[in-house]
Structure formats: structure tokens, C-alpha cells
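Structure first, commentary second.
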């Protein structure tokens, strides 16, 4: 379809169109302006009036196509294309309680030349790319958690090793193993909480920068990175479990060692 601005200032009764905001900003259109639409470069086309400027729905699938759109009444579109009584897609609203699968099956049996499908099925087909990306991110997350758990265990072992002499002195003066184990465990829990809070702050800052960049790049309000309370709770819980677990293993190894060995004389 060819799109051009009409030079004529005459305001006759013309059919109206709704223009997407990005397209209106690119062409400098405002409500009430006149534009000429044509189906091919060699046709005269028709004059239309900009009746509205709208923001498209926040659909990531449509956003990645980088398409600029406008909306018009179906009779006007059919007359412009020279193809009356023809459509590519149509939506059918069902009454409450009517099964979408049953309605689609009955519509498909009524005639040929089209295919009816529930909106859930269409959405699933159009979301395959996002499903693959989600699985890829899940695999990366699992690998990252496993690697971070191993790294955390090594850090806790090294930190506890630095406390060998302190633990030996406490054992010499009669401090019970349970007390030493509990102190090291509390220290590991505190480190895990601080690390979780630091990680949440870094994630929030990274998400804000991601949204700022891509919302400006695509000229949209779609949220590309979202930190939800569920994610925060999961991150804190995972940090506590891994931190306390690594601290417990390191502390258990320390309290089972004889004081003389801890002091370096065993």
C-alpha cells in the first residue's frame, strides 16, 4: 500500500483512518490532517482524514516485526484494495459458557476456504519463539545457579579456613562445638542475606537500563525486564539455602577437626 500526504488543503467529507503513533510521529501527522492512500504506486488512490492517533497494544510479537500500521473501516479498505467481500482474518466473540474448540470445529464444517481456530491455539503458535527463548533462559539460569553454588561453597571453605586458629582457641577454652557451628552458620546466613540484597539491587538496575534502552529503541511502552515480588522471594530463598548449606558444610568440617590440628600442631 502506498502512503503519501495530500497537498490539497480542502477539507471535504472524507473517510477517517486511525494512525499508529509511531507512524504519525514519523510523518508528522496530526488529527484532522489529510493523507492519500493507494494500493500501488501507479494508482491515484483515495484521500483520507486522520481521525485518531492510537498507541498499539503491547504485543512483543508485533513489536519485533517493526511494522507501522493504520486502521480504517472495512468497507473503505475493501474499496481501496478493489477486493470487496474479502478478508484475511476475522475474530468471533463467543457467549459465556460456549467452548471455543466446539465452535471452531462447527465453523470449519460449515464451509471451505478458511480455517477457524481458538485464540488460545493461535497465541500458542505465535509464541513459539518466546517459548524457545524462555527455555534457553531457564537452562542458563540452572547452569548459573549450579556454578554459583560451587563457587559459594569454595568461598565459604576458604573463609572458614581463615578462622582455624580462632576455632582452636575457642575449643581450648571449652567452647562447645555446637556453639562454634551455630556462630559460623549465622555468619553464613548474614553473608547470604547481604548477597541477596546486593543481587536484587543489581538486577533492578540492570532491568531499568534494559527497559530504558529498548523502550526508546522500539518507541514502545512494552516492559522488557520485570522484577516481580515472586522473583525477589525466590532469589532470597535460594540465596539463603545455598549460603546456609555451604556454610554448614564448611563449619561441619571445621568443628570435626581436632583443636591441635586447627592450631597447626597436630
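Coordinate-derived values only; no laboratory data. From a predicted model like this one, the values you see are computed outputs, not experimental measurements. When we count neighbours, we look across all protein chains shown, and the Cβ atoms used for this are built from the backbone with ideal geometry, even at glycine.
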> Tilt of helix 128-161 relative to the longest C-alpha principal axis of the chain, in degrees (0 to 90, nearest 10)?
Replying inline: 20
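Could you put 216, 73 in order, starting from the residue whose Cβ has the fewest other Cβ atoms within 10 Å?
Values: 216 9, 73 13.
Arranged by neighbour count, lowest to highest, 216, 73 become 216, 73.
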> At what distance in nm do the modelled label points of residue 74 and residue 232 sit from each other, each positioned 7 Å from its Cα along Cα→Cβ?
Replying inline: 4.7
>> Only bridges whose two residues both fall in the chain count here: according to DSSP, what percent of them are antiparallel, nearest 5?
In response: 70
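Decide, for the range 83-122, between rounded, prolate and oblate: order the square roots of the alpha carbon gyration tensor eigenvalues as a ≥ b ≥ c, take rounded if a/c falls under 1.5, and otherwise choose prolate if a/b is larger than b/c, else oblate.
Working: a/c = 2.06, a/b = 1.66, b/c = 1.24.
It comes out prolate by the Cα gyration axes.
Gain in length, residue 248 to residue 115, computed as 0.36 nm per residue apart minus the alpha-carbon separation, to one decimal in nm?
41.8 nm
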>> For the chain, set up a GNM with springs between Cα atoms under 10 Å and report which of 177, 120, 58 has the largest fluctuation.
In response: 120
> Going by alpha carbons, how many degrees (0 to 90, nearest 10) lie between the helix axis of 229-255 and the longest principal axis of the chain?
Replying inline: 20
> (1) 100, 49, 31; (2) 58, 36, 34; (3) 50, 38, 36: which one is Cα extents along the principal axes in Å as calculated from this entry?
Replying inline: (1)
> How many angstrom lie between the C-alpha centres of the range 74-135 and the range 216-259?
Replying inline: 44
>> Taking the 0 to 90 degree range and rounding to the nearest ten, how far is the long axis of helix 100-110 tilted relative to the main principal axis of the chain, both from C-alpha atoms?
In response: 30
>> Among 19, 244, 175, which one shows the highest mean-square fluctuation when the chain is modelled as a Gaussian network with alpha-carbon springs under 10 Å?
In response: 175
>> I want to verify a result. In a Gaussian network model of the chain, Cα cutoff 10 Å, which of these has the top mean-square fluctuation: 42, 76, 166?
In response: 42
> How do the peptides 153-159, 248-254 rank, highest first, by the average count of neighbouring beta carbon atoms within 10 Å per residue?
Replying inline: 248-254, 153-159
>> Can you compute the modelled spin-label distance between residue 36 and residue 202, with each label point 7 Å from Cα toward Cβ, in nm?
In response: 5.9
